[in-house]
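Inspection log for the structure reproduced underneath, given as structure tokens.
The values are calculated or read from the model by the stated rules, or taken from the named source; none is laboratory data. Being a predicted model, the structure only gives us computed values, none of them experimental. Backbone-built Cβ (ideal geometry, glycine too); neighbour counts: all protein chains shown. SASA here: full protein model, heavy atoms, side chains in, ligands and nucleic acids out. Shrake-Rupley method; radii C 1.70, N 1.55, O 1.52, S 1.80 Å.
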Amino acid sequence: MRAYLTTLPAFAIAAVLASPAAAQEEDETTIIVTAQRDNATQIVNGGNAGVLGDKSAEHLPFSIRSFDETLIYNQQPLTIGDVLDNDPTVRTTYGFGNAAEQFVIRGFALFGDDVGVNGLYGIAPRQLIAPELFDEVQVLNGATAFLNGAAPGGSGLGGSVNLQLKRAGNENMARATASFVGDAHLGGSFDVSRRFGAGNEFGVRVNGAYRSGEVSVDREDRRTQVLGAAFDYDSGPLRAALDLAYQEVRVDSLRPKVTLAGFIPDVPDSNANYAQDYNYTELRDIFGTLSLEYDLGPRALVYAKAGARSGDEEGIYGGITVTDRVTGDGTSGFHSFIPYEQSNQAAEAGVRAGFDLGPTTHEINFGGNAIWQEDRTAYDFFSPFDTNLYDPVLVDPQPTAFVGGDLDDPFPITKRELTSLFVSDTIGFADDRILLTGGVRYQEIQVDVFSYFGGTLDTSYDEDRWTPVAGLVVQPVEGVSLYANYIEALQQGPRAAVDPLLGNSGAVLAPRVSEQYEIGGKVALGPLFASLALYRIERPGEGVIEEGGQPIFAYVGEERHEGIELTLNGEVTPGLRIITGLALTGAEFDTGLEVIGVPDVTFNANAEWDLPFLRGATLTGRVTHTGEQAADSAGALMLESWTTVDLGARYVFAAGDNPVTLRLTVDNVTDEAYWASAFDTFNPALLQGTPRTVKASASIAF
């Protein structure tokens, strides 16, 4: 089941007034109508369910949906976080004191390190991911340890995100796009897809993008360049694909987060920037996957896939702690220079087979996967200096306060090896109107942590666990699915901050096990699709405690998240499409303390309308609401709720035989200044929301 959404222009009207009368010819009408239909932003109710394969949502005991490439073309997002802003169950923030996007799903963090690519962990770029390379952004809510294995970064308990790299479709295509974002962020992209061979069995797709310039935040400059290539073969029982990609991202003067000092300061102007001019992040990644499938029979296949990534990044990161609520005076904290190199490999292989056994059907899955990672890093922390949130003091880099590791040639600090074996059976009763899934995954996590001072082994653990899954789908009538699931997860333990005040600075805790219970339902009402989920997730909590008179990072009590999620997407009437949803979340420790940065309510409503009286024109809008969230564990500091409104238009016309699409959107049209999130990896910190941002683009298809 599919549903649709878009993004749009107003300068389009000028183009239609300039069109000659010949634009009414039948062939031109066909070009415009076809292009307008193809440009409709889509959400697919289904996606990659890990070892269970690609499934439609109504056949899974989980909540899953996918945003396709039309949304990326129409909304012109700068990062994957901008794409996920369309999901009512996801909110985006930064972690680790730099530009590393992390996502909050069901109140739990999903690190950029734990975003999947083509179903494999460790292959995606680590901090910021450019969206132009991807055909789909897939979101699966809830624990997914059985489906995907343990995430190597130790996050993803509340949900997972999988990115599908672009591959050649069934039809040849070529597109060129020019774009503008913010104050002076200009870019261009191309995308070419071809199939050839006697039976079109060979496919090639090459796409790339370059954009650079200042965005809507004052002095914040971003540069992104990406290049992707996919080669696939699909004929007879064999399917094979090789996906390769390169990404380079640089951000100068990234507006940092604001660390709390016992109060929530007033929000600065929407486009204010309190970064230093020397702050930057530079990321370079080469990554790719190789996938093979072979049909053993009509309902059986064997598959294997492998991927690798080499990442090289560095940056001078910084922040600000406000100590005077009235004046905005504060300190910079410790700015830092951190080089970071990572090499990852991942592999998975398995068999999926279906057969009938008496009155029941069976789909058996079994196989295994493995992930190998090595992190090489060092740090140089600078002395703090005085500054001001509302009138930043710009200084040169300060003297070094303390150093760890080899800055010129970082040696390994962390090595991880995650291996697992899995088996499951989905049993179908009553013509598959009842689907019962049971499975188990044996997961082993080995982590070695080395000292920054000499590279000697500091911490080592080797933990294993059997993690089960049970899921039930019941379809009492056509178009209605009721479901329930129970799933456990084994996660790599969280890592303590690099902080000289902590007794176990930089240490990694032992793995922890979580449990999820979920029930829900899905309804297909013609072109509309609705889903409802109620869940409860429990795991050991984490925090800083006193031990022997010194603060240490440790497991503390039990953390419990409960919530309700409701989504609706599809075509209400011909030409009117919506994507909307609501999530209510409660998160606390068994001691009664709040979980920081978890909004009690999130709501999104996206709509687009093809104007019946102006051929080729589409209007769009989006409302995003985020409720209150605790900014300290006692709940004494609360971020206010916030709401933003985005408006836009899109217009399609024919230039000869080629459709041209013009797009114009304005995000946060009222230029609201607001604290968007208090969620952070180590300490409570405030992320300011994006100011009013104008985006425009023009695409031509050949």
Which one is surrounded by the fewest Cβ atoms within 10 Å (Cβ to Cβ) among residues in the range 467-487 that are aliphatic (A, V, I, L, M), modelled with pLDDT of 95 or more and in a strand (DSSP E or B)? V480
Here the qualifying pairs (Cβ atoms under 6 Å; residues six or more apart or on different chains; first in the range 174-198 and within 13 Å of I700 (Cβ to Cβ); second part of a strand (DSSP E or B) and open to solvent by 60 Å² or more (accessible area, probe 1.4 Å)) come out as A176/F190
Here is a list: E488, E478. Which entry is of a type in the set (D, E, K, R) and in contact with a Pro (Cβ under 8 Å, 6 or more places away or on another chain)? E488
Somewhere in the range 235-243, is a residue open to solvent by 50 Å² or more (accessible area, probe 1.4 Å) and in a loop (DSSP other than H, G, I, E, B)? yes
Checking K415 against (1) under 30 Å from D324 (Cβ atoms); (2) open to solvent by 60 Å² or more (accessible area, probe 1.4 Å); (3) part of a strand (DSSP E or B), the condition it does not meet: (1)
Considering only residues of the range 514-551 that are surrounded by 16 or more Cβ atoms within 10 Å (Cβ to Cβ), more than 20 Å from G479 (Cα to Cα) and β-branched (V, I, T), which is modelled with the highest pLDDT? I537
The number of residues in the range 491-505 that are open to solvent by 10 Å² or more (accessible area, probe 1.4 Å) and either over 23 Å from the mean Cα position of the chain (by Cα) or of a type in the set (G, A, S) (or both) is 9
Test R167 against the stated conditions and say whether it is open to solvent by less than 40 Å² (accessible area, probe 1.4 Å), farther than 19 Å from G112 by Cβ and not small (G, A, S). no
Residues being under 16 Å from I537 (Cα atoms) and surrounded by fewer than 20 Cβ atoms within 10 Å (Cβ to Cβ): count how many of those fall in the range 593-612. 1
Confirm whether G570 is free of Cβ contacts under 8 Å to residues at least 12 places away in the same chain and not β-branched (V, I, T). no
Please verify whether the range 644-659 includes one or more residues that are modelled with pLDDT of 95 or more, out of contact with any helix residue (DSSP H, G or I) (no Cβ under 9 Å at 6 or more places or on another chain) and open to solvent by 20 Å² or more (accessible area, probe 1.4 Å). yes
Residues to consider are R255, R219, R250; find the one that is in contact with a Phe, Trp or Tyr (Cβ under 9 Å, 6 or more places away or on another chain), free of Cβ contacts under 8 Å to residues at least 60 places away in the same chain and of a type in the set (K, R). R250
So T281 clears everything in (1) assigned to a loop (DSSP other than H, G, I, E, B); (2) open to solvent by less than 20 Å² (accessible area, probe 1.4 Å) except one condition, right? Which one? (1)
For E293, are the conditions met, namely being charged (D, E, K, R), farther than 23 Å from A130 by Cα and surrounded by 16 or more Cβ atoms within 10 Å (Cβ to Cβ)? yes
Among the listed residues T79, T93, identify the single one that is in contact with a helix residue (DSSP H, G or I) (Cβ under 8 Å, 6 or more places away or on another chain) and surrounded by fewer than 24 Cβ atoms within 10 Å (Cβ to Cβ). T79
Residue in the range 446-466 that is nearest to the chain's Cα centre (by Cα), counting only those that are of a type in the set (S, T, N, Q) and open to solvent by 50 Å² or more (accessible area, probe 1.4 Å): Q446
From G307, G288, G311, G330, grab the single residue that is open to solvent by less than 40 Å² (accessible area, probe 1.4 Å), in a strand (DSSP E or B) and under 30 Å from L394 (Cα atoms). G330
Checked against (1) modelled with pLDDT of 90 or more; (2) of a type outside the set (D, E); (3) part of a strand (DSSP E or B), G597 satisfies every condition except (3)
Restricting the search to the range 581-592, which residues are open to solvent by 70 Å² or more (accessible area, probe 1.4 Å), hydroxyl-bearing (S, T, Y) and more than 22 Å from G262 (Cβ to Cβ)? none
In the set R255, R222, which member is open to solvent by less than 30 Å² (accessible area, probe 1.4 Å), touching an Asp or Glu at 6+ places or on another chain (Cβ under 6 Å) and not aliphatic (A, V, I, L, M)? R255
Among the numbered criteria (1) surrounded by fewer than 24 Cβ atoms within 10 Å (Cβ to Cβ); (2) in contact with a Phe, Trp or Tyr (Cβ under 8 Å, 6 or more places away or on another chain), which single criterion is violated by P125? (1)
Hey, could you check the range 178-208 for residues that are of a type outside the set (G, A, S) and outside any strand (DSSP E or B) and say which is least open to solvent (accessible area, probe 1.4 Å)? E201
